[in-house]
Amino acid sequence: MTRALLARFYTLAGILAVAGAVETTGGITGVAMAGANDDVLDIASPLEISGLDPAKSGYLFSRMQAAETLFTVNRESQIVPMLATDSQASEDGLRWEISLRDDVTFHDGTPMTAEIVAADLNRAFERPGVLRQAPITGISASGNDIVITLSEPFAMLPAFLAHYSTIILAPGSFDDAGEVQTIIGTGAYRVDAVVPPLRIELSAFDKWWNGRAQIEKVSYLAVSRGETRAMMAQSGDADLVLSLLPVAVTQLKGNPDVNVTVATVPRTRLLKLNLAQPFFDETVERQALSLAINRKAIAGVVMRNTDLAASQMFPPEIRDWYDANMPVLDFDPQKARELLAAAGWVAGSDGILEKDGKRFDVTVRTYASWPDLPLIATALQSQLRDVGIGLEISVGSYTEIPAGHADGTLEAALVTRSFSMVPDPLATVMEDYGPGGADWGAMNWHNAEAEDLIADLRKTTDGDARAQMQKKLADILQAELPTIPLVWSELAMASNARLENVRIDPYEQNYYLADLRWAR
């Protein structure tokens, strides 16, 4: 199908979708991309627009450079100012003064002021979102500065102010009740149209404080099926395609009209365990379980890259947490059997281990919205059976995992956990492994030293001191395995060979659209 014909196809799909039709031939539902116009940058991604509120879809408007935050992550994975220019904490750490960039204009022509920024941040703080986790007691404007007061020191404040839920929007974005009606940001691209849940149309903003984007028009389409996104990259109907499946990467690398970029990202597939269960209540049992897992085999078959076998929780891209000298998580099934025997587990007549009349039969919950998770679960089922552990797989909604955590019925879960939603991994670590654990982290695990380290890390700004504490905490997680790391993650992106300056942000904060240009 030609690019123009495909554009008509998506147009028809969009009309049918808006009218209530369910699916078109070939399984694609969507709305028109500007595919017939070669001057438009067409983007396909699995991420849908769930609403205009920043807490729901701010990540899309941030990545598309339509809206911006006070801080961001630079290309060296460091937190740096964006709409801010500088920040300074008081000696006791309870008062932060954040200076704002001068001469920033919203897309409707409104100048950005400290009063507008303070109002946006107060709104973000008052609503569900990551900012509620910060010990904030007040947010106000003072001249061209933002003043944030805290009940206790909080070293991660700039990282929290880089989260997409804190994007800064013009007053015209809101109705009288404070609900977002339109996205009016400060970024390189102005939002021209949003058709939830599938489409966004944007155009370059002439008065962006950092210059002007080189590509005039951008069209975004949410396409949930990985096979469809790969087809769009192959056919040229999309110029930038995000989140390719491993098999698609192999296929597209043979296409001279497509460039494929792959980067490891701060996301780990891991086993979440209920440590109140008799299978996992002893550290030696969790260590045995880890030793029974052939991570390289899983990474090679499912992820198509043996380098993604997780030797520890944090991948090398998380530089301040990854420890190249840490003892790795080995594959040694014989050692696993020995540890389980030492813990009192004895093989029954069918080979499944038993202890105190209890069979080592465990149900692991997972979900298909990440298509590799059921495949990993199947591999685990075979590997664990080899050491006498029975594993039943339950594939359902991801909501069943936090529900099982809350009511205590969860035995184990196979999940994917990102350490970059707030671009400081401590934000995830303190939630998952702090007191009480969390829906996607530890369950019924208690370690006083780890809790003390997390408490100290929350308020420590000295880089050397933080590095030492982070290493100690990572060592504890590696030794006690409240959750068991399996494989790390890659983000694969296909781009039209005519596009220049394409790059992947490992922290998934920015698509860097303003840097892109068509080859002359």
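The values are calculated or read from the model by the stated rules, or taken from the named source; none is laboratory data. Treat the numbers as computed from the prediction; the structure is a model and nothing was measured. Here the Cβ is made from the backbone with ideal geometry for all residues, glycine too, and neighbour counts use every protein chain on show. We work out accessible area using only protein heavy atoms, side chains counted, and drop any ligands, DNA or RNA first. Shrake-Rupley method; radii C 1.70, N 1.55, O 1.52, S 1.80 Å.
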Residue match in segment 335-342 (condition: under 30 Å from VAL73 (Cα atoms) and either open to solvent by less than 70 Å² (accessible area, probe 1.4 Å) or not hydroxyl-bearing (Ser, Thr, Tyr) (or both)): no
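Where in segment 122-223 are there strands (runs of 3 or more DSSP E), lying wholly inside it, with at least 3 residues that are open to solvent by 20 Å² or more (accessible area, probe 1.4 Å) and within 18 Å of SER87 (Cα to Cα)?
136-142
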Number of the condition not met by THR228 [criteria: (1) under 16 Å from ASP42 (Cβ atoms); (2) among the hydroxyl-bearing types (Ser, Thr, Tyr); (3) part of a strand (DSSP E or B)]: (3)
Options GLY226, GLY178: the member that is in the same structural domain as ARG127 (by the TED database), modelled with pLDDT under 95 and closer than 19 Å to ASN496 by Cβ: GLY226
Close pairs (7 angstrom Cβ cut-off, 6 or more residues apart or separate chains): closer than 16 Å to ALA124 by Cβ in segment 55-66, open to solvent by 20 Å² or more (accessible area, probe 1.4 Å) and in a helix (DSSP H, G or I) anywhere: GLY58/TYR164; TYR59/TYR164; SER62/TYR164
Restricting segment 79-121 to residues that are small (Gly, Ala, Ser) and within 28 Å of the chain's Cα centre (by Cα), the residue that is surrounded by the most Cβ atoms within 10 Å (Cβ to Cβ): ALA84
Matching residues, segment 390-406, being exposed (fewer than 14 other Cβ atoms within 10 Å of the Cβ), within 14 Å of TRP440 (Cα to Cα) and not small (Gly, Ala, Ser): THR399
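Here is a yes/no grid of residues against (1) basic (Lys, Arg); (2) under 22 Å from LEU410 (Cα atoms); (3) at pLDDT 95 or above:
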{"residue": "ALA442", "(1), (2), (3)": "no, yes, yes"}
{"residue": "GLU451", "(1), (2), (3)": "no, no, yes"}
{"residue": "GLY463", "(1), (2), (3)": "no, no, no"}
{"residue": "ALA467", "(1), (2), (3)": "no, no, no"}
{"residue": "LEU473", "(1), (2), (3)": "no, no, yes"}
{"residue": "ILE476", "(1), (2), (3)": "no, no, yes"}
{"residue": "PRO485", "(1), (2), (3)": "no, yes, yes"}
Test: residue in segment 40-54 that is touching a strand residue (DSSP E or B) at 6+ places or on another chain (Cβ under 9 Å), under 26 Å from LYS217 (Cβ atoms) and in a helix (DSSP H, G or I): yes
ALA299 within 25 Å of TRP440 (Cβ to Cβ), in contact (Cβ under 8 Å) with a residue 40 or more places away in the chain and either touching a strand residue (DSSP E or B) at 6+ places or on another chain (Cβ under 8 Å) or in the same structural domain as SER77 (by the TED database) (or both): yes
Segment 69-117, residues that are touching a residue at least 60 places away in the same chain (Cβ under 8 Å) and over 30 Å from ASN501 (Cα atoms): SER87, ALA89, ASP92, GLY93, TRP96, ILE98, THR110
Any hit, segment 293-304, residues being outside any helix (DSSP H, G or I), farther than 21 Å from LEU391 by Cα and within 25 Å of the chain's Cα centre (by Cα): yes
Filter result (open to solvent by 10 Å² or more (accessible area, probe 1.4 Å), of a type in the set (Gly, Ala, Ser) and either in a strand (DSSP E or B) or in contact (Cβ under 8 Å) with a residue 60 or more places away in the chain (or both)) within segment 234-286: SER235, GLY236, SER243, ALA263, ALA276
Residue, surrounded by the most Cβ atoms within 10 Å (Cβ to Cβ), within segment 427-457, restricted to residues that are in a loop (DSSP other than H, G, I, E, B) and of a type in the set (A, V, I, L, M): ALA442
Failed criterion for ALA479 (all others in (1) assigned to a strand (DSSP E or B); (2) small (Gly, Ala, Ser); (3) open to solvent by 10 Å² or more (accessible area, probe 1.4 Å) hold): (1)
Single residue of ALA465, ALA474 found to be small (Gly, Ala, Ser), assigned by the TED database to the domain that holds PRO425 and more than 23 Å from the chain's Cα centre (by Cα): ALA465
Residue match in segment 351-366 (condition: acidic (Asp, Glu) and within 26 Å of the chain's Cα centre (by Cα)): no
Lone qualifier among GLU451, GLU392, GLU411, GLU400 - being free of Cβ contacts under 8 Å to residues at least 60 places away in the same chain, in contact with a Ser or Thr (Cβ under 6 Å, 6 or more places away or on another chain) and assigned by the TED database to the domain that holds LEU291: GLU392
Unmet criterion (only one of (1) touching a residue at least 24 places away in the same chain (Cβ under 8 Å); (2) in the same structural domain as ASP192 (by the TED database)) for GLU126: (1)
